[in-house]
C-alpha cells in the first residue's frame, strides 16, 4: 500500500439534505485528473448554486452519472484496494453511495487537520481555510469547483503526509496511521458555535456540565430523528460527561 493507491475526489451536489445528489465530480488517480458535470435526478438548490455556481440550466443536457463512463471507471477503481481521499469524507462517501458506488476505505483530511491541531489553535477546518492557514501554494485551484478542490485536497494531504513522515515512519505506515485516524471520531477541542464559542470543551465541562448534557441530547435527537449524525460532537460530549 502506497500513494499510488490513493484517489483524490471531490463532489459538488444539489444540496446537503437526505434526498440531494451529486452534479459534479472530479478526481485524480495515478496522476490523471478527470472532471465532469452531470444531470442530477433532483433540482440544484439555490444555496448550492450560490456556493458552486452550477445551475440547473448548466446540467440540463448533461448525462446522468449512473450511465456515465466516469461512473464505470470509479466502480473499477473502488473494486480494487484503492483508498479514497476527501475532505469531510463522510459526505462524499454518502453521495457516492447514493450512486451505487462504495469505497472500501478512506482518508479524511478534515479529521487529519483536527488530529494535528493538538492545542485547538485553528479556528476553522474548512479545506480552503486550511489552504491559507498553512500557506499552501496551489496553482489553478478555484474554490468550490470540484477540480480546483481536489488540487487543494492533494496539497493538503501532502502537507500532513510529510508531517507524519518526520516521525520516522515509512510511507506505508503513514498511510495506515491516516486510515486509523480517519476511521475514528475526533475529540473536538473548542466550541465554534453557541454561547461558549472559542472556549475549550474541557473548560466548559468543568464550568457547565448541564450545557454539555443538553447539547448531547440535542445531537442524539437530531441523529435519531433527522439522520444528522454529528459523530465527532457526540463522541466528544460523551467523553467529557463520563
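For every helix of n ≥ 4 consecutive DSSP H residues, a contribution of -39,500 (n - 2.57) applies; sum these over the chain, divide by its total residues, and give [θ] at 222 nm rounded to the nearest 500 deg cm²/dmol.
Using -39500 (n - 2.57) per qualifying helix, the result is -14000 deg cm²/dmol.
Listed by Cβ neighbour count within 10 Å, with the fewest neighbours leading, 9, 147 appear as 147, 9. Normalised by residue number, the volume inside the convex hull of the Cα atoms of segment 201-241 is 47 Å³ per residue. Mind telling me which of 32, 188, 64 comes out most flexible in a GNM of the chain, alpha-carbon contacts under 10 Å? Taking springs between Cα atoms under 10 Å, the residue moving most is 32.
Kindly list the residues of segment 1-27 that lie in the label zone of residue 102, defined by a backbone N under 20 Å from the point 7 Å along the Cα-to-C-beta vector. Label zone hits: 7, 22. Each peptide among 12-19, 208-215, 56-63 gets the average number of other Cβ atoms lying within 10 Å of its residues, and from highest to lowest they stand as 12-19, 208-215, 56-63. Evaluated at 20 °C with a viscosity of 1.002 mPa s, what Stokes-Einstein diffusion coefficient in µm²/s does segment 168-227 have when Rh comes from the Kirkwood expression over alpha-carbon pairs? Once the numbers are plugged in, D ends up at 152 µm²/s.
Extending 7 Å from Cα along the Cβ direction at residue 135 and again at residue 235 yields two label points whose distance is 3.1 nm. Volume of the convex hull of segment 123-198 (Cα atoms only), normalised per residue: 131 Å³.
A Gaussian network model of the chain, with springs between Cα atoms under 10 Å, assigns the largest mean-square fluctuation among 194, 170, 80 to 194. For segment 66-184, the average shadow cast by the Cα convex hull is 8.2 nm², which is a quarter of the hull's surface. Going 7 Å from the Cα of residue 202 toward and past its Cβ, which residues in segment 143-186 have a backbone nitrogen under 18 Å from where you end up? Answer for this model: 186.
Round to the nearest 0.05 the FRET efficiency obtained for residue 217 and residue 36 when R0 = 35 Å and r is the Cβ-Cβ distance. Please report the intermediate quantities before stating the final value.
Values: r = 43 Å, r/R0 = 1.23.
That pair, residue 217 with residue 36, gives E of 0.20.
When the chain is treated as a GNM with alpha-carbon contacts under 10 Å, the residue of 87, 71, 134 showing the greatest mean-square fluctuation is 134.
Quick one: order 4, 68 by neighbouring beta-carbon count within 10 Å, fewest to most.
On the way: 4 9, 68 16.
In increasing order of surrounding Cβ atoms, one gets 4, 68.
Spatial offset of segment 142-174 relative to segment 44-59 amounts to 28 Å, using the alpha carbon center of each.
Against the chain, whose longest principal axis is taken from its Cα atoms, helix 69-79 shows a tilt of about 50°.
With a cut-off of 8 Å between alpha carbons and a minimum separation of six or more residues, what is the relative contact order of the chain in percent?
Numbers: 334 pairs, mean separation 40.1, N = 242.
It comes to 17 percent, rounded to a whole number.
None of the figures in this text is laboratory data; all of them are computed from the coordinates on show. Keep in mind it's a predicted model, so treat the numbers as computed, not measured. Because the Cβ atoms are built from the backbone with ideal geometry, glycine has one as well, and the counts that use them run over all protein chains shown.
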